[in-house]
1. In whole angstrom, note down how far apart the Cα centers of segment 99-146 and segment 1-72 are.
2. Quick check for me: using +1 on Lys/Arg Cβ and -1 on Asp/Glu Cβ, what's the dipole size of the chain about its Cα centre, in debye to the nearest 20?
3. Based on DSSP, what percent of beta bridges with both residues in the chain are antiparallel, to the nearest 5?
4. Taking the highest mean first, how do the peptides 206-215, 4-13 order by number of other beta carbon atoms within 10 angstrom per residue?
5. Please compute the volume of the convex hull spanned by the alpha-carbon atoms of segment 88-240 and report it per residue in Å³.
6. How do the peptides 79-88, 163-172, 46-55 rank, highest first, by the average count of neighbouring beta carbon atoms within 10 Å per residue?
7. List the pairs from Lys167/Lys225; Lys49/Lys167; Lys52/Lys156; Lys32/Lys58; Lys32/Lys156; Lys55/Lys238 whose alpha-carbon separation is above 29 Å, in the order I gave them.
8. Which whole-Hz ³J(HN,Hα) couplings does segment 128-137 yield from phi under the Karplus relation 6.51 cos²θ - 1.76 cosθ + 1.60, θ = phi - 60°, glycine and proline marked x?
Amino acid sequence: MTSPYDALAPYYDEVVRGRRDDAKVLRQVLKKYRCRPKTVLDLACGSGKLTKEFKNAKVTGIDLSPGMLTLAREQLPEATLLQADMRSLRLPGRFDAAWCMYDSMNHLANFRDWTRTMQTAHRHLNPGGVFVFDVNTVTKLEAMVADSPFMHHFKKGMLVTEVSKQKSRYLWQLNIFERQKDDLYRLQEAEIPETAYETERILEVMERTFEDVTILDPVRKRPSKHSLRLYFAGRRAKMK
C-alpha cells in the first residue's frame with residue numbers, strides 16, 4: 001500500500017516544524033481533562049516526533065504510509081507501530097488518550113470517514129479516556145486557495161505548494177525540489193486531497209460520541225468564523 005506521504009517522508013521533519021508548540025497545546029488540552037496518559041494511541045502518527053514529546057507514555061502509532069512509519073521507528077523505538085487504516089482500526093487494547101494531529105482528519109475523503117475515525121478513537125479509549133484532534137478550517141483552506149502558491153525553503157531544497165479547490169475537496173500539489181550537485185535539483189511530486197467541514201457539523205458528531213466536548217483555537221481566545229486551525233477534544237464516558 002502506498003501513500004502520497006511516502007514521497008514527502010524524507011523531507012517531512014524539515015518542512016513541518018513547531019512540534020514542541022503543538023505538544024504544548026496538546027498538553028494544555030489534556031490538562032483540562034486532568035488526563036496524564038500512561039498509554040497513547042496516535043492515529044496517523046507520521047514521523048512520531050510529536051508523540052516523542054510524551055516521554056512517559058507507552059505509545060501505539062498507526063499510519064498508512066510505510067515511509068512515515070520508517071521515520072517513526074527511528075523516533076519511537078519502543079513504540080508499537082502499525083501500518084493500518086484509522087477508519088476501521090480494531091486493536092485488542094484500550095488507551096488513556098488518543099489523538100489525530102496535523103490535520104490528518106482533513107485527509108479523509110468524506111464526512112462519513114470523519115465519523116468512523118471518531119468512533120475508532122472512542123472504541124479504543126479506556127472509560128474517561130480523552131480524544132484530541134486538530135483540523136484545518138474551511139476558512140483556512142479557502143484562504144490558501146486564494147493565496148496559492150506557497151514556497152518554503154529548507155536545508156535540502158525547496159517546497160512549492162499549490163492549493164486548488166475541486167468541487168468539495170481541496171487539492172494540495174506538493175513539488176519538492178531537492179538540491180543535488182552542480183546547482184541541479186531533483187523533483188518529487190505528491191498530491192494530497194483534503195476535506196473540511198463547518199465547526200457545527202463536527203461538533204454535532206463529537207457530542208453524540210463523547211462527553212465534555214471542547215473546542216480550542218490555539219491562536220485566538222475563542223473559536224470563531226475567522227479561526228484557521230481548531231482543536232476538538234472529548235472524553236469517553238466514565239463507568240458508573
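1. 14 Å
2. 1260 debye
3. Details: 36 of 53 bridges.
Bridges in the chain are about 70 percent antiparallel.
4. Peptide ranking by packing, descending: 4-13, 206-215.
5. Roughly 148 Å³ of hull volume per residue.
6. Details: 79-88: 16.7, 163-172: 14.4, 46-55: 20.0.
Result, highest mean Cβ count within 10 Å first: 46-55, 79-88, 163-172.
7. Going by Cα-Cα distance, Lys49/Lys167; Lys32/Lys156 fall outside the 29 Å limit.
8. Going residue by residue, I get x, x, 10, 10, 10, 8, 10, 9, 7, 7 Hz, with x marking Gly and Pro.
The numbers here are math on the coordinates, done by the rules we state, and not lab data. What you are looking at is a predicted structure, and each value in this text was computed from that prediction instead of being measured. Here the Cβ is made from the backbone with ideal geometry for all residues, glycine too, and neighbour counts use every protein chain on show.
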